[in-house]
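The values are calculated or read from the model by the stated rules, or taken from the named source; none is laboratory data. Values in this document were obtained by computation on a predicted structure and should not be read as measured data. Here the Cβ is made from the backbone with ideal geometry for all residues, glycine too, and neighbour counts use every protein chain on show. Ligands, DNA and RNA are excluded from the accessible area calculation, which covers all protein heavy atoms including side chains. Shrake-Rupley method; radii C 1.70, N 1.55, O 1.52, S 1.80 Å.
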Amino acid sequence: MILRSVTKHFRDQNWFAVALDFLIVILGVFIGLQVNTWNAERQVRAGEQRYLERLREDVAVSIEQNEWRVAFMDRQDKYSTLALDRLSSCVVSPEDRDIIANAFFHVGKTLPPVLLRGVINELNATGNFQTIRNSELREAITKAVEAIETSDLIFNAVLMRGTPHVVYVESQLEYLTSGPRSGAVDIAWGDIAFDLDALCADQDFRRALSAARAYTNDMQSNVIVALEQQRALLRIIDAELAK
């Protein structure tokens, strides 16, 4: 229809009408391109929103797991500290027995921080990392990943240095129970056997237990650092989702 109108106005030499027709065409093309741009941007923003929602879930789960790890290693520190104190006096009261048993049972159990990286890996693999517009958020994601990768290296070093001490402690114990058991679940005094008087007199045993405690505490500090970074990351994600 617009072509027929332009042809008629051109034939009639109605130049004003011709110019108006061309202006209408140009405006129509511009509006069409603008609508396409808006639609494309809306799709990108919707994709970013979906990524942020999934990323938030990964980070929230990671925080929950790391909080448990910090609490677990903190409990080990308390168990080991009490055990070292009782070994020094060689007096174990009935209410301390289970704690002492678990200090030995959990000796050297160190856990690195965790970060679920399914969405982060997908963003990098698909080249969509720049879909995240907020540069502060992108930087926080990068720092969180770097913290985990650094902690993995530290964990391997801690594991290697702590293993001889753990092996020595466990060489003095006899496990009286069999069957599957979660390594995080506490045991009872009667689940393991050891010569308390011999352990009290064994300075190497106390040193090994103390060293294992120190390595566990070192790893706990790394988990705490990663945990704080992930909490900061979660706050930024929540702020973005709230916009």
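Among Y168, Q76, V158, pick out the residue whose Cα is farthest towards the positive end of the charge dipole of the stretch 69-176, where Lys and Arg carry +1 and Asp and Glu carry -1 on C-beta, about the Cα centre.
Value: V158.
With θ set to phi - 60°, apply the Karplus curve 6.51 cos²θ - 1.76 cosθ + 1.60 along the stretch 189-194 and write out the HN-Hα couplings as whole Hz, x wherever there is a Gly or Pro.
These are the phi-based 3J(HN,Hα) values: 3, x, 7, 9, 10, 7 Hz.
Ranked from the most accessible area to the least, with a 1.4 Å probe and all protein chains present, what is the order of V107, V225, V114?
Largest accessible area first, the list is V225, V114, V107.
If you average the alpha carbon positions of the stretch 124-197 and of the stretch 73-116, how far apart do those two centres end up, in angstrom?
One Cα centre to the other: 16 Å.
If amide H atoms are built 1.01 Å from N in the plane of the peptide, which residues on other chains or at least 5 residues away come under 5 Å of the amide H of I192?
Under 5 Å from the amide H of I192: L176.
If the only charges are +1 at each Lys and Arg Cβ and -1 at each Asp and Glu Cβ, what is the size of the charge dipole of the stretch 94-243 around the Cα centre, to the nearest 20 debye?
My answer is approximately 660 debye.
Which residues among the stretch 67-103 fall inside the zone where the amide N is under 11 Å from a point 7 Å beyond the Cα of S210, along Cα→Cβ?
The answer is 84-85, 88.
Cβ under 11 Å from A188's Cβ, A188 left aside: what net charge do those residues give with Lys, Arg +1 and Asp, Glu -1?
Result for the local shell: -2.
Between K143 and L84, what is the label-point separation in nm under the 7 Å Cα-to-beta-carbon projection?
3.3 nm
Describe numerically, in nm with one decimal, the distance between label points set 7 Å from Cα along Cα→Cβ at S171 and at D96.
Rounded to a tenth, the inter-label distance reads 2.6 nm.
Can you work out the accessible area per residue across the stretch 103-196, with the rest of the protein chains kept in place, probe 1.4 Å, in square angstrom?
The answer is 54 Å² per residue.
Can you pull out the chymotrypsin sites (Phe, Trp or Tyr not before Pro) in the stretch 150-232 that DSSP calls coil and that have at most 15 other Cβ atoms within 10 Å?
Here the chymotrypsin sites (Phe, Trp or Tyr not before Pro) that fit, given the DSSP loop and packing criteria, are F194.
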